[in-house]
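One structure is given below, encoded as C-alpha cells.
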Amino acid sequence: MHIAILGTRGIPANYGGFETCAEQLSQRWAASGHEIVVYARRHRYQHRPAMVNGVHVRYTTCLRRFGLETPSATALSVINLIVRGRRFRWVHVYNTGNAFLLPLLRLFGFRVVISVDGIEWRRKKWGLIQRWSHRLGAHLAVRFADKVVADNQAVADFYAQRYNCSAATIAYGAQPIRRSDGADEILSRFGLQADQYCIFVGRIVPEKGVRELIDAYERLDTQFALVIVGDDAPTTYRNEIWARRSGKVRLLGYQYGPIYEQLLANARMYVSASMLEGTSPSLLSAMSAGVCCLVNGIPENRSTAEGSVAFYEQDDNDDLVRCWQALLDDPERSAAIAAAGQAHQSRFYDWDVIAKRYIELFSNVEAQRSPTPEVLT
C-alpha cells in the first residue's frame with residue numbers, strides 16, 4: 001500500500017499522542033513493505049531528513065498565528081499530495097480540525113481514514129470558533145471519510161449516540177519502558193531520587209486538571225515531590241501553574257526520549273486529574289513502565305484501563321486526595337496495581353498489533369467501499 005499521513009506535526013515525534021502514533025505506525029508499515037509518507041511542519045524541525053526509519057518525510061510551511069497552524073499546514077500538505085503524491089492512494093488524517101479537507105481528498109479519489117481522538121470541542125482551551133470548527137469537523141468526518149477511527153470505546157460510543165453511526169475503535173499503543181542503569185544520572189539533573197516522587201505527564205491546559213492536581217497534592221501528608229512533565233504556549237492558566245512551582249512541586253517542561261522514560265519509570269506513582277481524554281498515551285506509558293497509576297474516573301480512562309489502575313470518583317477532588325494518600329500509605333497495594341496495569345497494557349496496547357489492525361482496516365475498505373462514505377465498525 002501507499003499511505004500518506006496528514007495532520008500531525010511530523011516525525012520523529014516531539015510533541016504529543018498523534019505524533020507518537022504516526023511515528024510508531026509509519027515505521028512499522030514501512031518495515032512491512034508499504035510505502036509511507038508523513039507530512040511535517042518545517043519550523044518544528046531544525047534537521048529535515050527526507051527519510052526517517054524508512055518513511056518518506058515532506059516538510060510544509062504554515063501560518064503560525066491566529067490558531068491557523070494546524071489547518072494551514074494540513075491544507076498545504078493536501079495540495080502537495082494532490083500535485084506530487086497521487087500514488088499515495090490511502091490518506092490517514094488526524095484530528096477533526098482537519099476534516100474540512102476530506103471532501104477535497106475524496107474529490108481527487110483518495111481513500112481516507114480519519115482518527116478523531118477525543119471530543120475536541122469540549123476542551124476548555126478552545127474559543128467559540130475552534131469549538132465550532134471541531135463540531136463541524138466531526139460532521140464532515142462522518143459524512144466524507146471512508147472510515148472514522150476512535151482510539152477509545154467511550155469516544156466511539158459518543159459518535160454512535162450523537163451521529164447514529166459506529167466508529168472503528170483502534171487504541172494507541174505504548175512502547176515497553178523499563179528502568180535503566182543510567183537512571184540515577186538523569187534523575188540527579190532534576191534533584192530527584194527513584195521512588196521518591198509522583199509524576200504527571202501532559203500539557204498544562206485546563207482540561208488536564210493540573211490546577212486540581214496541585215491543589216490535591218498540597219493537601220497530602222507526604223515528603224514525595226510532585227513532578228509535572230509537559231508545558232504549553234504561554235497563557236494565563238499556564239503561567240499561573242508555573243508560578244506555583246516550588247521545592248516540592250517540580251515543573252520540568254517538555255521532556256522526551258530516555259529522559260522522559262526514566263522520569264516515568266522511576267516514579268512512585270503516576271497521577272492524573274485530566275477531565276478530558278481519548279486513550280491517554282502517558283497513562284499507557286506509565287502502565288507499561290510498571291508504575292502504580294491513579295487517574296480521574298472519567299469513562300474514557302475506565303474504558304482504557306478497565307480494572308487495572310486505581311480510579312477516583314469522576315472530578316471529585318476530595319476523593320482524589322483520599323485515594324492518593326491511601327496508595328502512598330500502602331506500598332503493597334500500589335505494587336499490585338502497578339503489576340496489573342503493566343499486564344493490561346502488554347495485552348491490549350501493543351503497537352505491532354495496532355499497526356496490523358490499521359492495515360486490515362484499509363484492506364477491508366478497499367474490498368467493501370461503497371459509493372456513499374460511511375463509518376463502519
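A few notes on this one:
- Unmet requirement for Ser363, which otherwise passes all of (1) outside the structural domain of Val210 (by TED's automatic domain parsing); (2) of a type outside the set (Val, Ile, Thr); (3) touching a helix residue (DSSP H, G or I) at 6+ places or on another chain (Cβ under 9 Å): (3)
- Flag for Ala265 being in the same structural domain as Trp324 (by TED's automatic domain parsing) and at pLDDT 95 or above: yes
- Odd one out for Ala154, checked against (1) buried (at least 19 other Cβ atoms within 10 Å of the Cβ); (2) part of a loop (DSSP other than H, G, I, E, B); (3) out of contact with any Cys (no Cβ under 9 Å at 6 or more places or on another chain): (2)
- Cβ-Cβ contacts under 6 Å between residues 6 or more apart (or on different chains), taken from a first residue in the stretch 28-52 that is assigned by TED's automatic domain parsing to the domain that holds Gly10 to a second residue that is surrounded by fewer than 14 Cβ atoms within 10 Å (Cβ to Cβ) and at pLDDT below 95, are listed as Arg42/Thr61.
- Among the residues of the stretch 91-109, the one identified as buried (at least 22 other Cβ atoms within 10 Å of the Cβ) and aromatic (Phe, Trp, Tyr) is Tyr94.
- Residues of the stretch 32-88 classified as in contact with a Ser or Thr (Cβ under 8 Å, 6 or more places away or on another chain), over 25 Å from Ser133 (Cα atoms) and of a type outside the set (Lys, Arg), total: 3
Okay, residues lined up against (1) in a loop (DSSP other than H, G, I, E, B); (2) over 22 Å from the mean Cα position of the chain (by Cα); (3) at pLDDT 95 or above:
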| residue | (1), (2), (3) |
| --- | --- |
| Arg87 | yes, yes, no |
| Asn98 | no, no, no |
| Gly118 | yes, no, no |
| Ile129 | no, yes, no |
| Ser133 | no, no, no |
| Val149 | no, no, no |
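- Verdict on Gly209 being at pLDDT below 95 and under 27 Å from Asp318 (Cβ atoms): no
This table checks each residue for (1) assigned by TED's automatic domain parsing to the domain that holds Asn95; (2) of a type in the set (S, T, N, Q); (3) without any contact (Cβ under 8 Å) to a residue 40 or more places away in the chain.
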residue: Asp221; (1), (2), (3): no, no, no
residue: Gly253; (1), (2), (3): no, no, yes
residue: Ser288; (1), (2), (3): no, yes, no
residue: Cys292; (1), (2), (3): no, no, no
residue: Asn301; (1), (2), (3): no, yes, yes
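- Within the stretch 26-76, if we keep just the residues that are closer than 27 Å to Lys356 by Cα and of a type in the set (Val, Ile, Thr), the residue that is surrounded by the fewest Cβ atoms within 10 Å (Cβ to Cβ) turns out to be Val52.
- Filter result for the condition that a residue is surrounded by fewer than 23 Cβ atoms within 10 Å (Cβ to Cβ), over 19 Å from Gln175 (Cα atoms) and either in the same structural domain as Pro331 (by TED's automatic domain parsing) or aromatic (Phe, Trp, Tyr) (or both), over Pro234, Pro258: Pro234
The values are calculated or read from the model by the stated rules, or taken from the named source; none is laboratory data. Please read all numbers here as calculations on a predicted model, not as lab measurements. Don't worry about glycine lacking a Cβ; one is built from the backbone with ideal geometry, like all the others, and counts go over all protein chains shown.
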